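**Student:** Below is one structure. I have some questions about it.
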């Protein structure tokens, strides 16, 4: 399996090189020396899993960059590194860019690798769930989605029948189809599965 792609952004060339070496065995690493270069790279290549950005850079800082990345490609996991343990910066980064992890320079290899590996895992989990959600949303008919919603509210087959104005037999057919599409064998599991992937 190909390594996930990680974009490192830092105007400090030495730090960039050190962090690139730390991550080389865990990801395909691309580097950028400022936010503008990073954005150009991201616009041309949509396959990045993680962006790791330094906070203090000229023109556009890390928090602003990660906010832009969030708007551009919300599925990319965003990690911030800064030279100062600054709580205000951390909160700005978290609030504006929905930052996954916040690391302080000098960043040890274990911390950086763990943050990036966790970020890659989150990225694949998120795009996996989004893909499943899209497929299932397309597969489920409008009627089946209505039934699923009523199931999640605890309605019985009889109550669903009355609410939707359809026979109990039709309700059971819809429920059977829902089970098949969600790959479950009970109402509780169907509702749990639907909630876990965000289709209800």
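The values are calculated or read from the model by the stated rules, or taken from the named source; none is laboratory data. This one's a predicted model, so the numbers in the text were calculated from it and none came from an experiment. When we count neighbours, we look across all protein chains shown, and the Cβ atoms used for this are built from the backbone with ideal geometry, even at glycine.
**Student:** Quick check on residue 137: is it in a helix (DSSP H, G or I) and either modelled with pLDDT of 90 or more or crowded, with 18+ Cβ neighbours inside 10 Å (or both)?
**Tutor:** Against the criterion (in a helix (DSSP H, G or I) and either modelled with pLDDT of 90 or more or crowded, with 18+ Cβ neighbours inside 10 Å (or both)), residue 137 does not qualify.
**Student:** So, one more: Just give me the residues in region 184-200 being modelled with pLDDT of 85 or more and outside any helix (DSSP H, G or I), in sequence order.
**Tutor:** Correct list: 184, 185, 186.
**Student:** Can you tell me which residue among 89, 94 is assigned by TED's automatic domain parsing to the domain that holds residue 13, modelled with pLDDT under 90 and more than 25 Å from residue 127 (Cα to Cα)?
**Tutor:** 89
**Student:** Test residue 20 against the stated conditions and say whether it is within 17 Å of residue 115 (Cα to Cα), more than 21 Å from the chain's Cα centre (by Cα) and either touching a residue at least 40 places away in the same chain (Cβ under 8 Å) or not in a loop (DSSP other than H, G, I, E, B) (or both).
**Tutor:** Here the answer is yes, as residue 20 does meet what is asked.
**Student:** Only residues that are closer than 11 Å to residue 39 by Cβ and either touching a strand residue (DSSP E or B) at 6+ places or on another chain (Cβ under 7 Å) or not in a loop (DSSP other than H, G, I, E, B) (or both): list them for region 54-65, please.
**Tutor:** Scanning region 54-65 gives 64, 65.
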